[in-house]
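Student: One structure coming up, written as structure tokens, with questions to follow.
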Amino acid sequence: MKKPNDIILHAVTKVAVPIILAFSFHLFFSGHHNPGGGFIGGLAIASALTLLFLAFDIETVRANIGVDFKVVAAIGVLLAVLTGVGSFFFDASFLSHTFDYFNLPIFGKTELATAVLFDVGVALAVIGTSVTTILSISEDR
Amino acid sequence: MSWLHTMIVIPFIFALFVPFLYKFFTPRIHTGWFVFIVPLLLFLSLLKYIPTIAEGKTVYHSVPWMPSLGINYTTYMDGLGLIFGLLITGIGTLVVLYSIYYMSKHRESLHNFYVYLLLFMGAMLGVVFTDNVLVLYVFWEMTSISSFLLIAYWYQRKKSRYGAQKSMLITIFGGLAMLAGFIMLSMITETYNLREMFNQVDVITAHSLFLPAMLLILLGAFTKSAQFPFSIWLPDAMEAPTPISAYLHSATMVKAGIYLVARFTPIFGGNAEWFWVISSIGLITLLYGSINAVKQTDLKALLAYSTISQLGLIMCLLGLGSAALYFGYGDEATVYAAAILAAIFHLINHSTFKGSLFMVVGIIDHETGTRDIRKLGGLMGLMPISFTLTIIGSFAMAGLPPFNGFLSKEMFFTGVLNASQMNIFSMDTFGLLFPTIAWISSVFTFIYCMILLFKTFAGRYQPSKLEKAAHEAPLGMLISPILLASLVILIFFFPNVLSHYLLQPALIAILPIFAESGGIDVKISAWHGWNTELFMTLGIVGLGTFMYIYLKKWSGVYGLFSQRWTLNAGYDFAIERMERFSEGFTNQYMTGFIRDYVVYIFAVLIVMLGGSLWLFDGIAMDVSNDAPISLYEGGVVVGMIIAAITVPLAKSRLTAIIAVGVLGYLVSMLFVIFRAPDLALTQLVVETVTVALFLLCFYHLPEFRKATVPMRFKLTNLIISIGVGVIVTIIALSANSTRLFEPISSYFENSYDLAGAKNIVNAILVDFRGIDTMLEIFVLTIASLGVYTLIKLRLAGRD
Amino acid sequence: METLMSFLVGILFMIGTYLILAKGLLRIILGTSIISHAVHLLILTMGGLKTGGPPLLGLKNTSYTDALPQALILTAIVINFAVTALFLVLSYRAYKLVGTDDMGQMRGNADE
């Protein structure tokens, strides 16, 4: 396979990926009050990674991000289930969530909700799933 | 759970352990030794009930099972159930003991054998001890299934599979008919419990469903008990290992039909139809079985036909005896009740002598390698114990003293003679038929008993035709038939002990009118003086001996009947035709082409949805609440339609993929318009990733080919798709126009107070309906694992 | 708008069905994609359109659009993504293994 000339793609990707990733995290964390959340955040992160895989070849990305995305998906599911199980320790039914407001040093008055933990699980599962799927297909030659 | 319940459950539970016992102890210990404990334990515990039952008491326990359906698991034991229980466990014990020597622990898959055997035992106990007709039905079919499994035990043999299928088809057919009969009965009486049905005999008799229910239940009984013309499955069932033939197909399972008839006599008895159907079918079966038995050359087939004939005898007696209920309590009833007593008596006797005969035939088969009487002969000196046992068994079967068969045969003759004197049910016209046919059948019975005995043991020993040199069986194998044969003699000398403890309580169970008087006082004795019955027996012996001696001269008569018109030929023809028809019919629509199946699905969708909308007048169109349309929105919709239409028309796959992508992005624009920011965002990202996926895969998939499909194919597709489109449009319009309920989403608008979230959609996803989301990510993960597996893991040997 | 959407959904269903009935694997997948879009729109339309502002309590609205269909659709979109991916890979593998993408030729053996 001849080496394609994709300098522009490389250059754009290098700039775009951090922006997409930052935006993804923003989407994820704003999900509680504004549009966004685990699904969208996760998918956006996945698309950023997909762009990386498309622009550079898989081996290069693999070398730099040493994560098995199947494991990521599994961890996500596990986290989501554990937040559900966690409810039992507070004598609540499965997947009950709670929230409260705290005064944190830098952020000031901040709301912390257990639902966010669940959402992290969702996001991880979505990332793991999407990337595993795309990698599996593109690796198969 | 009472002990009675536990008894039924024990075999099932023990069956679970059999495979492990087999695995760990084979070949050190024969698995049969473990199984042996179960029937022995059950038999001993049943013995404990005899005094209670003999006093006229019954045992009753009820456990709610499906209370909402009125199905209780009620167990009940009276004299009838007890006799069957003792037979099942008693013969079961002996059969298991026998099988330990019969079934080789080195060659046979004993775990299968004993699991099936225990399944049968539990099911059969369930049949005789349950009081709920639906539960009875379930156990009844379980006996059919275990019988099927046991006949097909040597499933490598074609004949085993054939016999198993035959028995399954016939008995399950009867079982289903019986279920229909049960349901009719429960419709009439509004109960599933037999005890409660017995209290409503008048209601049942007056009901228009009386006759259908009766005939359907009898169909179940006749198929199970191999009555003419359903008897054809029993000879083929002889492919089962001999312990099974001795147990299921002579001593217990085939008697389930007898049990059923006896059990339902209190409800149906005393009616002309019941009387005639049972006694005539029984009589025909008796004659058919005995005549056919004479021409058999395989010992087991001979015994199978003899079993059919003896079952017919018992059935006939039950039919005749049911007349007692017509008269009500009195002298006449007592006369006919004697027939019932004879039936139960013969039932027990038959189990003893036929059980021992089967075991002896098994021994002969085991020790010589054949069951063909043309090859056997002269075994008298080589197998003296087996010879003695056969004498006892076959003389008892022929109705000779001093064996128990003599007593019940005499009582049978008394029954038919009494019946011929009857002046009800138009018996004055046909009455004489009964003793005549009974006598002819008994002559044939005598002949085949002699064939069984002398063709095997007398005559010339032909070692050249045998697979192995004949010798006497090991002691362990002989114990069971010896025990049974000694019972045959014991019962002859002490019939009244049996009568007092077992027969009388069973009689009361069948004919409840005798309950107050404590049964009838019939003394069973061997000598009644020079009466008609004795002369009949003497005649049988005389003519039978004569005919046996000149058997060769007249047996050519059998050849006169064409083999084309036998019951078996009819059955085979029907099965073959049905198989061919169903194969042809299935191949008509099961084309293996997925598109056809999708067509069925969509066609059903159109018909069901369209039809129900039409039927329930659900079509409505109301545009008054519609939101206004702006030009911009209209443009998006038009764009979507154009994009969608492009897809099927596209010449290249790239165009099609891009058109679908455009559609997806336009959908996300619609989401924006419809105030769904979360959806729009998700749709955008998903669409991007999906298009990437499509392009990745499309890299591998082939280019669209020129459509070379016939016009009809396209037209069908077009019609189906237009139909689906129209139906969906109508549904959408109608649903939009008929709003039956208030939306429930006002609750979710409290999300800030309830979940601390201002994004309602997200609150629903992670909090209100968190389990949905959790399961969704399960699905996601499973799908990705599926993708991974499809790509990475390949079956060995493939590409 | 609801009436227009109903017709749009009907048309999308029609085209999707037509594609699913086709012989080529790729067309079938595209058909399922179109049908799932149609289903999403159908659910959304059933909830009533433009009945209020976006379901975000932070905005100064007096009424909000029905949030429940939106949550359902969000779930459906993501599931649909996973299913499409699986379907694509399945067809891709089937094509590689069997050597055809024609459903008419992908039949089981006669003795199955």
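Student: I need the Kirkwood Rh of the stretch B:43-153: take the reciprocal of the average 1/r across all distinct C-alpha pairs and report it in angstrom. Intermediate values should be presented prior to the final figure.
Tutor: Working: mean 1/r = 0.0648 Å⁻¹.
About 15.4 Å for the stretch B:43-153.
Student: In addition: Starting from the Cα coordinates of the stretch B:748-799, work out the convex hull volume and express it per residue in Å³.
Tutor: On the way: hull volume 3.7 nm³, N = 52.
Hull volume normalised by residue count: 72 Å³.
Student: Nearest 10 degrees is fine. How inclined is helix B:158-189 to the longest principal axis of chain B, computing both from alpha carbons?
Tutor: For helix B:158-189, the angle is close to 80 degrees.
Student: B:I424 to B:D753: extension gain in nm, 0.36 nm per residue of separation minus the Cα-Cα distance?
Tutor: Numbers: separation 329, 0.36 × 329 = 118.44 nm, distance 8.66 nm.
Using 0.36 nm per residue and subtracting the Cα-Cα distance, I get 109.8 nm.
Student: Now for a different question. To the nearest 10 square angstrom, how much accessible area does B:V115 have with a 1.4 angstrom probe?
Tutor: 30 Å²
Student: Where does the Debye-calculated log10 I(q)/I(0) of the stretch B:1-90 sit at q = 0.11, 0.15, 0.20, 0.25 Å⁻¹, using only Cα point scatterers of equal weight, no solvent?
Tutor: Reported log10 I(q)/I(0), two decimals: -0.42, -0.70, -0.97, -1.21.
Student: Shape call for the stretch B:321-436 from the C-alpha gyration tensor, a ≥ b ≥ c root eigenvalues: rounded (a/c under 1.5), prolate (a/b greater than b/c) or oblate?
Tutor: Details: a/c = 3.61, a/b = 2.83, b/c = 1.28.
Because a/c hits 1.5 or more and a/b exceeds b/c, the stretch B:321-436 counts as prolate.
Student: Then there is this: Using the Cα centre as the reference, give the magnitude of the dipole from point charges on the C-beta atoms of chain B (Lys, Arg: +1; Asp, Glu: -1; all else neutral), rounded to the nearest 20 debye.
Tutor: Approximately 3300 debye in magnitude.
Student: Something else: With every protein chain left in place, what is the accessible area of B:W3 in Å² (1.4 Å probe, nearest 10)?
Tutor: 90 Å²
Student: Then there's this: Specify the angular offset, from 0 to 90 degrees and rounded to the nearest 10, of the alpha carbon long axis of helix B:79-102 from the longest principal axis of the alpha carbons in chain B.
Tutor: 90 degrees
Student: May I pose another question? Compute the long axis of helix C:25-46 from its Cα atoms, compare it with the longest principal axis of the Cα atoms of chain C, and write down the angle in degrees, 0 to 90, nearest 10.
Tutor: The angle comes out at about 20 degrees.
Student: When the Kirkwood hydrodynamic radius is evaluated over all pairs of different C-alpha atoms of the stretch A:7-139, what value in angstrom, to one decimal, is obtained? Before the final figure, lay out the partial values.
Tutor: Values: mean 1/r = 0.0616 Å⁻¹.
Here the Kirkwood hydrodynamic radius works out to 16.2 Å.
Student: 222 nm [θ] for the protein assembly as shown, helices only, -39500 (n - 2.57) per DSSP H run of 4+, per residue, to 500?
Tutor: Numbers: 43 runs with 716 residues, N = 1052.
So the helix-based figure for the protein assembly as shown works out to -22500 deg cm²/dmol.
Student: Rounded if a/c is under 1.5, else prolate if a/b is larger than b/c, else oblate: which is the stretch B:594-747, with a ≥ b ≥ c the root eigenvalues of its Cα gyration tensor? Display every interim value, and only then the final one.
Tutor: On the way: a/c = 2.13, a/b = 1.17, b/c = 1.82.
Since a/c reaches 1.5 but b/c is at least a/b, the shape of the stretch B:594-747 is classed as oblate.
Student: Mind jotting down the distance between the C-alpha centroids of the stretch B:1-22 and the stretch B:728-799, whole Å?
Tutor: Cα centroid to Cα centroid, the span is 46 Å.
Student: Sticking with this structure for a sec: Which pairs in the list B:K255/B:K354; B:K105/B:K465; B:K159/B:K468; B:K409/B:K553; B:K166/B:K224; B:K300/B:K354 are over 21 Å apart, alpha-carbon to alpha-carbon? List each step's numbers first, then the result.
Tutor: Details: B:K255/B:K354 13 Å; B:K105/B:K465 27 Å; B:K159/B:K468 24 Å; B:K409/B:K553 28 Å; B:K166/B:K224 12 Å; B:K300/B:K354 11 Å.
B:K105/B:K465; B:K159/B:K468; B:K409/B:K553, as the Cα separations exceed 21 Å there.
Student: Which lysines have a Cα lying under 19 Å from the Cα of A:K70, excluding residues fewer than 8 positions away in the same chain?
Tutor: B:K792
Student: Moving on. For chain B, go through all pairs of different Cα atoms, get the mean of 1/r, take its inverse, and jot down that Kirkwood value in Å. Mind showing how you got there, number by number?
Tutor: Numbers: mean 1/r = 0.0316 Å⁻¹.
Averaging 1/r across every pair of different Cα atoms and inverting gives 31.6 Å.
Student: Taking R0 as 45 Å, what FRET efficiency do you get between B:T436 and B:L615 from their Cβ-Cβ distance, rounded to the nearest 0.05? Let's see the in-between values first.
Tutor: Values: r = 64 Å, r/R0 = 1.41.
The computed FRET efficiency comes out at 0.10.
Student: With +1 on each Lys and Arg Cβ and -1 on each Asp and Glu Cβ, and nothing else charged, work out how big the dipole of the stretch B:748-799 is about its Cα centre, in Debye to the nearest 20. Please report the intermediate quantities before stating the final value.
Tutor: Working: 5 positive and 6 negative charges, 91 e Å.
It works out to roughly 440 debye.
Student: Taking the Cα centre of the protein assembly as shown as origin and charging only Cβ (+1 Lys, Arg; -1 Asp, Glu), how large is the dipole, in debye to the nearest 20?
Tutor: Details: 60 positive and 59 negative charges, 749 e Å.
The dipole magnitude comes to about 3600 debye.
Student: Mind checking which lysines have their C-alpha under 20 Å from C:K23, skipping anything on the same chain fewer than 8 residues away?
Tutor: B:K651, B:K706, B:K714, C:K96
Student: Have a look at the DSSP beta bridges in the protein assembly as shown and tell me what percent are antiparallel, nearest 5. List each step's numbers first, then the result.
Tutor: Details: 18 of 19 bridges.
Given both bridge residues lie in the protein assembly as shown, the antiparallel proportion sits at roughly 95 percent.
Student: Taking the Cβ of B:T716 as the centre, find all other residues whose Cβ is under 15 Å away and add up their charges (Lys, Arg: +1; Asp, Glu: -1).
Tutor: Values: positive: B:R595, B:R712, B:K714, C:K23; negative: B:D596.
Value of the local net charge: +3.
Student: Can you give the log10 of the normalised intensity I(q)/I(0) at q = 0.24, 0.28 Å⁻¹, computed with Debye over equal Cα scatterers of the stretch B:55-111?
Tutor: One equal scatterer on each Cα of the stretch B:55-111 leads to -0.93, -1.05.
Student: Turning to a different aspect of this structure: I need the Debye-formula profile for the protein assembly as shown: one equal scatterer per C-alpha, no solvent, reported as log10 I(q)/I(0) at q = 0.04, 0.06, 0.09 1/Å, two decimals.
Tutor: Here log10 of I(q) over I(0) equals -0.35, -0.69, -0.98.
Student: Where the centre of each part is set by its Cα atoms, how far does the stretch B:278-292 sit from the stretch B:138-204, in angstrom?
Tutor: Going from one Cα centre to the other spans 22 Å.
Student: Mind listing the Cα extents of the stretch B:225-285 along all three principal axes, in Å, largest one first?
Tutor: 41, 21, 12
Student: Sticking with this one: Solvent-accessible area of B:D298, probe 1.4 Å, all protein chains present, reported in Å² to the nearest ten, please.
Tutor: Roll a 1.4 Å probe over it and B:D298 shows about 50 Å².
Student: Further question on the same structure: Could you give the longest part of chain B that holds none of the GluC sites (Glu not before Pro) found in DSSP loops with at most 14 neighbouring Cβ atoms within 10 Å? Mind showing how you got there, number by number?
Tutor: Numbers: sites that count: B:E55, B:E190, B:E467, B:E516, B:E703.
Longest stretch, sites excluded: B:191-466.
Student: Taking DSSP loops as anything outside H, G, I, E and B, show the longest stretch in chain C free of trypsin sites (Lys or Arg not before Pro) there with at most 13 other beta carbons within 10 Å. Numbers along the way, then the final one.
Tutor: Numbers: sites that count: C:K60, C:R107.
Here the longest run is C:1-59.
Student: Calculate the radius of gyration of the Cα atoms of the stretch C:45-112 to one decimal place, then report Dmax, the largest Cα-Cα distance, as a whole number, both in Å.
Tutor: Just the Cα atoms of the stretch C:45-112 yield Rg and Dmax of 21.7, 68 Å.
Student: Right, here's the next one. On a straight-distance basis, which aspartates and glutamates could pair with B:K23 in a cross-link, Cα separation under 20 angstrom, same-chain partners fewer than 8 positions away excluded?
Tutor: Reachable aspartates and glutamates: B:E108.
The values are calculated or read from the model by the stated rules, or taken from the named source; none is laboratory data. Note that this is a predicted model, so its numbers are computed, not measured. Positions of Cβ are generated from backbone atoms using ideal geometry, with glycine treated the same way; all protein chains shown enter the neighbour counts. All accessible areas refer to the heavy atoms of the entire protein, side chains included, with ligands and DNA or RNA removed. Shrake-Rupley method; radii C 1.70, N 1.55, O 1.52, S 1.80 Å.
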